[in-house]
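Trainee: Just dropping this structure here.
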Amino acid sequence: MLSKGTKLYSIIRMKCPRCQEGSFFNGHPYILSTMGKVKDRCSKCNIKFSIEPSFYQGSYYVVYALGVILFVAVSVLKLIFYPKVGPGMLLTAIFISLLVLSPLMYALSKIIWANFFIKYEKGILK
Ligand SMILES: [Zn+2]
């Protein structure tokens, strides 16, 4: 399922969308000094990750969608496991999960956005 050449491979492993070998980010999403910092170029295939100025502003739409997905997921989990708990607890659970997952969602939004525009090229590294 998660084979090389799919966009999901690039997104989950946070690899270059074009060659899927070089890393996309400068550091781990949860290290605050490098949080969400995209490398200028791929270390393997040398593609420029920022296609145009302010390229990653479009990733705000992706992070919004990820936030909605998280909201729905937390709401469904609350309905399944704690059906009698009130809406205040749901809001608290959503707030805490947003707080914990926001660095990951920020990084995911950027690599998902890049995968919209950069296609995988098989055999680009020889
Ligand atoms: Zn690459």
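The values are calculated or read from the model by the stated rules, or taken from the named source; none is laboratory data. Computed from a predicted model, the values in this text were never measured in an experiment. Glycine also receives a Cβ, built like all others from the backbone with ideal geometry; neighbour counts cover every protein chain displayed.
Trainee: If only one of SER102, SER97 is in a helix (DSSP H, G or I), under 21 Å from ILE31 (Cβ atoms) and in contact with a helix residue (DSSP H, G or I) (Cβ under 6 Å, 6 or more places away or on another chain), which one is it?
Mentor: SER97
Trainee: Taking the residues in the stretch 9-49 that are more than 20 Å from PRO103 (Cβ to Cβ) and more than 9 Å from the ligand (Cβ to nearest atom) as candidates, determine which candidate is surrounded by the most Cβ atoms within 10 Å (Cβ to Cβ).
Mentor: Ranking the candidates gives TYR9 first.
Trainee: Which ones in the stretch 62-94 are modelled with pLDDT under 95 and within 17 Å of TYR30 (Cα to Cα)?
Mentor: Correct list: empty.
Trainee: For the stretch 107-126, give me each residue that is in contact (Cβ under 8 Å) with a residue 60 or more places away in the chain, within 14 Å of VAL62 (Cβ to Cβ) and buried (at least 17 other Cβ atoms within 10 Å of the Cβ).
Mentor: Passing the criteria: ALA107, LEU108, LYS110, ILE111, ILE112, ALA114, ASN115.
Trainee: Right, another one. Going through the stretch 1-60 one residue at a time, which ones are free of Cβ contacts under 8 Å to residues at least 40 places away in the same chain and in a strand (DSSP E or B)?
Mentor: LYS15, SER23, ARG41, LYS48
Trainee: Among the residues of the stretch 79-126, which ones are among the basic types (Lys, Arg) and within 16 Å of the ligand (Cβ to nearest atom)?
Mentor: Once the filter is applied, which keeps residues that are among the basic types (Lys, Arg) and within 16 Å of the ligand (Cβ to nearest atom), the stretch 79-126 yields LYS110, LYS119, LYS122, LYS126.
Trainee: Identify, by number, the condition in (1) free of Cβ contacts under 8 Å to residues at least 12 places away in the same chain; (2) farther than 30 Å from LYS126 by Cα that LEU66 doesn't meet.
Mentor: (1)
Trainee: Being under 12 Å from the mean Cα position of the chain (by Cα) and more than 16 Å from the ligand (Cβ to nearest atom) is true for just one of SER59, SER3, SER54. Which residue is that?
Mentor: Being under 12 Å from the mean Cα position of the chain (by Cα) and more than 16 Å from the ligand (Cβ to nearest atom) holds for just one of SER59, SER3, SER54, which is SER59.
Trainee: Also, quick follow-up: Output the qualifying pairs, or none if there are none: Cβ atoms under 6 angstrom, residues six or more apart or on different chains, first residue in the stretch 72-88 and assigned to a helix (DSSP H, G or I), second residue modelled with pLDDT of 90 or more and not small (Gly, Ala, Ser).
Mentor: Pairs that qualify, where the first residue is assigned to a helix (DSSP H, G or I) and the partner is modelled with pLDDT of 90 or more and not small (Gly, Ala, Ser), are VAL74/ILE94; LYS78/LEU90.
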